1. Select, from B:Ala326, B:Ala343, B:Ala334, B:Ala361, the only residue that is assigned by TED's automatic domain parsing to the domain that holds B:Thr21, over 26 Å from the mean Cα position of the chain (by Cα), more than 30 Å from A:His86 (Cβ to Cβ) and among the aliphatic types (A, V, I, L, M).
2. Check off (1) within 19 Å of the chain's Cα centre (by Cα); (2) away from chain B (no Cβ under 14 Å); (3) open to solvent by 10 Å² or more (accessible area, probe 1.4 Å); (4) in contact (Cβ under 8 Å) with a residue 40 or more places away in the chain for A:Gln150 and give me the number that stays unchecked.
3. Could you please find all residues in the stretch B:102-138 being within 27 Å of B:Asn59 (Cα to Cα) and among the hydrophobic types (A, V, I, L, M, F, W, C)?
4. Residues that are without any contact (Cβ under 8 Å) to a residue 40 or more places away in the chain and open to solvent by 10 Å² or more (accessible area, probe 1.4 Å): find the strands (runs of 3 or more DSSP E) completely inside the stretch B:1-115 holding 1 or more of those.
5. Just one of the numbered conditions (1) buried (at least 18 other Cβ atoms within 10 Å of the Cβ); (2) in a loop (DSSP other than H, G, I, E, B); (3) among the small types (Gly, Ala, Ser) is not true of B:Ala226; which one?
6. Every residue in the stretch B:289-311 that is more than 14 Å from chain A (Cβ to nearest Cβ) and open to solvent by 50 Å² or more (accessible area, probe 1.4 Å), please.
7. In the stretch B:140-165, which residue that is open to solvent by 10 Å² or more (accessible area, probe 1.4 Å) and in contact (Cβ under 8 Å) with a residue 60 or more places away in the chain is nearest to B:Tyr122 (Cα to Cα)?
8. From the list B:Thr214, B:Thr221, which residue is farther than 19 Å from B:Gln88 by Cα and β-branched (Val, Ile, Thr)?
Amino acid sequence: MEPLIVFDHVCKFYQMGEETVRAADEISFTIGKGEFVAIVGRSGSGKSTCMNIIGCLDVPTSGKYLLQGRDVGQMDKNELAETRNHLLGFIFQQYNLLPKLSVMENVEVPLMYAGVPKAERRRRAEEVLEKVGLADKKRHRPNQLSGGQQQRVSIARALAGDPAVILADEPTGALDSRTSRDVLAMLQQLHREGRTVVLITHDNSIAITAPRIIRLEDGKVVYDGPARGKGALVTHEEVAV
Amino acid sequence: MKLSESFAMAVRSILSSKMRTFLTMLGIIIGIASVMVIVGLGNGMQNYMEEMFQSMGTNTLTVSLFGRGSNRSAGEEEMYEIVAENSQYLSQVSPTVSIQGAVKIGAETSDYTSVTGVSEDYFHMMGYTVSQGRGLQYIDVEKRLNVCVVGEYVNHTYYDGNAVGQLIRIGSQQYAIVGVMTQESDTLEERTTDDSVFLPYSSAAARLEGGEPTSYLVTLTDERYAAQGKAAVEDALYDIYGSDSAYYVMSMTEILDLMTDMLNVMITILAAIAAISLVVGGIGIMNIMLVSVTERTREIGIRKALGAKERTILLQFVIEAATTSAIGGVIGIAVGYGLSSLATMLVVALLETSMAVTPSADSIAMAFGVSAAIGVLFGYLPAKKAAQLNPIDALRYE
């Protein structure tokens, strides 16, 4: 399997007054092309830091992060922006749609920044909206849609640029359980189609959607293996409860 | 991303909060409109002055001789000689002798009628023509004949339009009217050129103490030679008098230039004061843009996460500021036009002059350019702030 995301002793330290917070402490893992991986951990475990680094929104303090063989730590701001644009599709907890743009225009935004001509943008936006079943809502504003529909728009937006990695940060955090299942089913479908999906969540019942789980605690990897494996879903604290 | 798309995005964003945008623009609108009205007022005043001077003749010099501090003096012959010697600059000369004294027509007295002694060339020099009878002739001057040409006001008011052949009394002397001058002003009124009497200067001068004219009108071959012509006359008179306090040569063009310069300085100062409001308007734009950047922190974070570069965000906000400002500029130009026409109407109604407040095309183009430039200038700082936002912080911003 071709490695797509390589974390090699990635560290991220923050200075909080006198104290140094080790948000990511020597994290190493490899995610191959076409994998569906869930990164799980409680708040403060370092999963958000992980997600920011994978998403090229942040760079490691030390260690190496290779995305498609390129060292992200060496990129300048423009290259990071280009990488986000070309290789990453973000799905956020709060959907993060632009409220003043229509559904269609929202989906077009990453394509616009990629310099895709207008007609081609239209065509691709319509295609992905069709895929998430919202082709009939393309002229609506985001606030005219339900939460589930909005999240589907953001999935369409993530797919529009045909990225190498779909990065979903708590995609069901704001949804009820039924629509959550729809969204997760959609991620599984993307995986079956051969896409690389990275799901970041604190919720074990969500995480088991993915075949492979990486569990973080205090900035360290404590489990990396199949979802069914011992220690994938339970933490010491939870056992104690 | 294309510039046209950035522009379309800016327009949408501006239109999404119309009230705020309008209030932001207000400073620019007021600034541009007031600069336009002031510059327009200046143009109008200048045009009005030029017209006035044109009617008085901008191609003329007025020569006054005092003869103080000297035992030599210049008379008509010397003046004619000076003009003949400088024929490349000077074309004609006529003495102008003003007579004080009541003008009586029968039992009636005309108080304001001006009486001037001139040569036979004077009408031609001033561009006057004769509508009835004849003009003054060389023989009238040579023989000191007691004849005169009257203006249309005198003809119309005192002679019912049949002045030729009648008599007019100036002081103690009777003059025969030989001609009537064609009407000069739009309406017949007292104290205008039409309310005047022209005599041969020789017979007019005979009534003066010295018996010699002391004032001359000289025409130039061309308006452009005002300075050279003036210098030539002054040099020649200096040779005669040996002193420069014995004469004074006045050039209408020179005076017009001087007044235009003064007016321009005044207008520039006023426009500069009005332009301060443009700066205030610019600061208003900067202020609102800063608020807008804070309000849209999350939007900026989303756009950055989706691949917008710093330059793209910078451009988006600068274009937004420049577009707001430029639209304000266009509205300001329209308001400026409206106020200019209003000012024209007011000036005409209150001052009874036909002065038009005319904003020049240059000032409009400049106003537009300045307003757009202010947008770019004052939009840059907030845009820079937006562009440099950290995407993680921006995404987390509530």
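The values are calculated or read from the model by the stated rules, or taken from the named source; none is laboratory data. Worth saying up front: this structure is predicted, and the values here are computed from it rather than measured. In this analysis, Cβ positions are derived from the backbone assuming ideal geometry, glycine residues included, and neighbour counts consider all displayed protein chains. The area values use the complete protein model at the heavy-atom level, side chains included, leaving out ligands, DNA and RNA. Shrake-Rupley method; radii C 1.70, N 1.55, O 1.52, S 1.80 Å.
1. On the way: B:Ala343 fails: over 26 Å from the mean Cα position of the chain (by Cα); B:Ala334 fails: over 26 Å from the mean Cα position of the chain (by Cα); B:Ala361 fails: over 26 Å from the mean Cα position of the chain (by Cα).
Testing whether each residue is assigned by TED's automatic domain parsing to the domain that holds B:Thr21, over 26 Å from the mean Cα position of the chain (by Cα), more than 30 Å from A:His86 (Cβ to Cβ) and among the aliphatic types (A, V, I, L, M) leaves just B:Ala326.
2. So the condition that A:Gln150 fails would be (2).
3. B:Val115, B:Val118, B:Phe123, B:Met125, B:Met126, B:Val130, B:Leu136, listed by residue number.
4. Details: elements: B:60-65, B:90-95, B:97-99, B:103-105, B:108-110.
Hits in the stretch B:1-115: B:108-110.
5. Result: B:Ala226 fails condition (2) only.
6. Passing the criteria: B:Leu290, B:Val291, B:Thr294.
7. Checked the stretch B:140-165; the qualifying residue nearest to B:Tyr122 (Cα to Cα) is B:Val141.
8. Result of the check over B:Thr214, B:Thr221: B:Thr214.
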